[in-house]
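Undergrad: First, the structure itself, so that you have it in front of you.
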Amino acid sequence: MNGEPLERIVIEPEGPAQASLVWLHGLGADGHDFEPLIPELGIVEGGVRVILPHAPVRPVTINGGMRMRGWYDIRLPDLTRAVDEAGILDSMARVEALVAAEQAAGIPAARILLAGFSQGGAIALQLALERAEPLGGVLALSTYLPLPQRLEPGRVQTATPVFQAHGSEDTIVPPALAEQGVARLRALGVAVEFHRYRMAHAVCPDEIADIRGWIARHLAAD
């Protein structure tokens with residue numbers, strides 16, 4: 001990839017932004033995917049700027065090399081094998097540039113949230129945990145920890161709270177894989193709030209309600 005800035009949708013509050021939420025979509029979607037969800041969270045009215053970036057277009061091996069928006073390549077159904085580490089790190093750097101831009105615009109890191117679904121959640125989670133400076137929180141939805149070997153004692157950000165959610169009937173990202181990551185993070189001292197929902201690889205109303213409450217609590221706590 002060429003490292004160009006990510007195209008994105010930006011939803012601004014009426015007044016000056018007091019916090020920011022960067023939300024990353026899943027494989028084959030784009031920033032519009034979760035745009036209809038934002039009003040349900042009631043955060044823009046509370047002064048939160050929402051940024052919905054579009055992943056770069058790339059060939060995806062598991063889909064026959066078809067070009068689509070994706071944060072990294074998926075080569076095998078087993079997400080722990082033949083991992084596209086270079087693609088993951090490239091996307092992490094691009095999303096970090098969005099976070100840095102928010103900080104440059106006057107939003108403290110403690111008022112910046114990262115969120116993502118599936119592939120997007122993997123990028124959000126890995127980035128938040130590798131940052132030297134903690135963020136206000138990360139929401140990792142129907143996802144997993146893509147590069148667990150990079151997170152060791154002393155090399156993981158334990159001050160960023162994590163909301164992780166997964167469907168019990170998910171056949172794309174196995175629930176067991178998500179739970180393995182949660183166990184690893186908790187062993188490293190990361191505060192993970194893990195939710196299970198009766199759903200497939202998707203989001204559901206109960207999850208949305210829990211996300212709304214979690215965001216409200218964590219932004220109010222700053």
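The values are calculated or read from the model by the stated rules, or taken from the named source; none is laboratory data. As the structure is a prediction and not an experimental result, all values here were calculated from the model. Reconstructed Cβ throughout: ideal geometry from the backbone, glycine too, with neighbour counts over all protein chains shown. To get the accessible areas, we keep the full protein, side chains included, count just its heavy atoms, and leave off ligands, DNA and RNA. Shrake-Rupley method; radii C 1.70, N 1.55, O 1.52, S 1.80 Å.
Undergrad: Can you spot a residue in the stretch 69-88 that is part of a strand (DSSP E or B) and either at pLDDT 95 or above or charged (D, E, K, R) (or both)?
TA: So far as the stretch 69-88 goes, yes, one or more of its residues are part of a strand (DSSP E or B) and either at pLDDT 95 or above or charged (D, E, K, R) (or both).
Undergrad: So which residues in the stretch 96-123 are polar (S, T, N, Q) and assigned to a loop (DSSP other than H, G, I, E, B)?
TA: If the condition is that a residue be polar (S, T, N, Q) and assigned to a loop (DSSP other than H, G, I, E, B), then Ser118 is the only one that fits.
Undergrad: Continuing with this model, one more query. Where the second residue is among the hydroxyl-bearing types (Ser, Thr, Tyr) and at pLDDT 95 or above and the first is within 14 Å of Val138 (Cα to Cα) and open to solvent by 20 Å² or more (accessible area, probe 1.4 Å) and lies in the stretch 202-222, which pairs have Cβ atoms under 9 Å and are six or more apart or on separate chains?
TA: Asp210/Tyr197
Undergrad: Applying the selection to the stretch 48-58, what residues are assigned to a loop (DSSP other than H, G, I, E, B) and not aliphatic (A, V, I, L, M)?
TA: Result: His54, Pro56.
Undergrad: Does the stretch 100-112 contain any residue that is among the charged types (D, E, K, R) and surrounded by fewer than 19 Cβ atoms within 10 Å (Cβ to Cβ)?
TA: no
Undergrad: Taking into account only those residues within the stretch 128-145 that are open to solvent by less than 20 Å² (accessible area, probe 1.4 Å) and in a loop (DSSP other than H, G, I, E, B), which is nearest to Ala97 (Cα to Cα)?
TA: Going residue by residue through the stretch 128-145, those that are open to solvent by less than 20 Å² (accessible area, probe 1.4 Å) are 128-129, 135-145.
Subsequent filtering for residues that are in a loop (DSSP other than H, G, I, E, B) retains 135-136, 142-145.
Details: Leu135: 14, Gly136: 17, Ser142: 24, Thr143: 22, Tyr144: 22, Leu145: 21 Å.
Applying the filter and picking the extreme gives Leu135.
Undergrad: With the condition kept exactly as written, say whether any residue in the stretch 162-184 is among the basic types (Lys, Arg), surrounded by fewer than 13 Cβ atoms within 10 Å (Cβ to Cβ) and more than 20 Å from Val22 (Cα to Cα).
TA: No, because not a single residue in the stretch 162-184 is among the basic types (Lys, Arg), surrounded by fewer than 13 Cβ atoms within 10 Å (Cβ to Cβ) and more than 20 Å from Val22 (Cα to Cα).
Undergrad: Let me ask something additional. Say we look at the stretch 1-47 and pick out the residues that are open to solvent by 10 Å² or more (accessible area, probe 1.4 Å), among the aliphatic types (A, V, I, L, M) and part of a strand (DSSP E or B); which of these is nearest to Arg217 (Cα to Cα)?
TA: Ile11
Undergrad: Contact list please: Cβ distance under 7 Å, first residue in the stretch 1-27 and on the phi > 0 side of the Ramachandran plot and at pLDDT 95 or above, second residue of a type in the set (A, V, I, L, M, F, W, C) and not in a loop (DSSP other than H, G, I, E, B), pairs at least six apart or on different chains.
TA: none
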